[in-house]
Amino acid sequence: MEKDFLELTAQFFGVQRKDISRATKIDSLERNFHDRINFSFEIEKRYQIEFEDQDLQKAHSVKDYLEIVKKKVQRRSEGYKEAA
């Protein structure tokens, strides 16, 4: 998942993958405030999750986003297992 997420981030912000790491601050990639919102929407679509407002308030780096996404995907997967 991490490799896919880093590639998504690079593609979305129009930078090379080698320029993105877990430590990269999202605000260093943004051109305007709408970029963060649209980036969040892209992540939600790609990973079939939904961010809460408090999630986005805590997300400042690629690592922050990645950790939130991993937790939400894991919770979603666990929910599917319980439903089966």
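Considering amide H positions built from the backbone, and no H for Pro or chain starts, which residues 5 or more places from Ser61, or on another chain, come under 5 Å of its amide H?
Ile26
Of the candidates Glu42, Glu52, Glu67, which one comes out as most mobile in a Gaussian network treatment of the chain with C-alpha springs shorter than 10 Å?
Maximum fluctuation in the GNM of the chain, among the listed residues, is at Glu52.
For helix 62-83, report the angle its Cα long axis makes with the longest principal axis of the Cα atoms of the chain; keep it between 0 and 90° and round to the nearest 10°.
Approximately 20 degrees, to the nearest 10.
Looking at Phe5, Ile68, Ile43, which one has the Cα that reaches farthest to the positive end of the dipole of the chain (charges on Cβ: Lys, Arg +1; Asp, Glu -1)?
Positive-most Cα among the choices belongs to Phe5.
With P(r) over Cα pairs in 5 Å bins from 0, in percent defined as stated, name the option among [x] 3, 17, 30, 27, 17, 5, 1; [y] 3, 14, 18, 14, 12, 9, 9, 7, 5, 4, 3, 1, 0; [z] 3, 14, 27, 26, 16, 7, 4, 2, 1 computed from the structure displayed.
Comparing each candidate, only [z] matches the computed number.
Over 20 Å between Cα atoms, which of Lys18/Lys72; Lys3/Lys58; Lys18/Lys58; Lys3/Lys71; Lys45/Lys70; Lys18/Lys71 qualify?
The answer is Lys18/Lys72; Lys3/Lys58; Lys18/Lys58; Lys18/Lys71.
Coordinate-derived values only; no laboratory data. The structure presented is a predicted model; accordingly, all values stated were derived computationally and were not measured. A quick note on method: Cβ atoms are made from the backbone with ideal geometry, for glycine too, and the neighbour counts reach across all protein chains shown.
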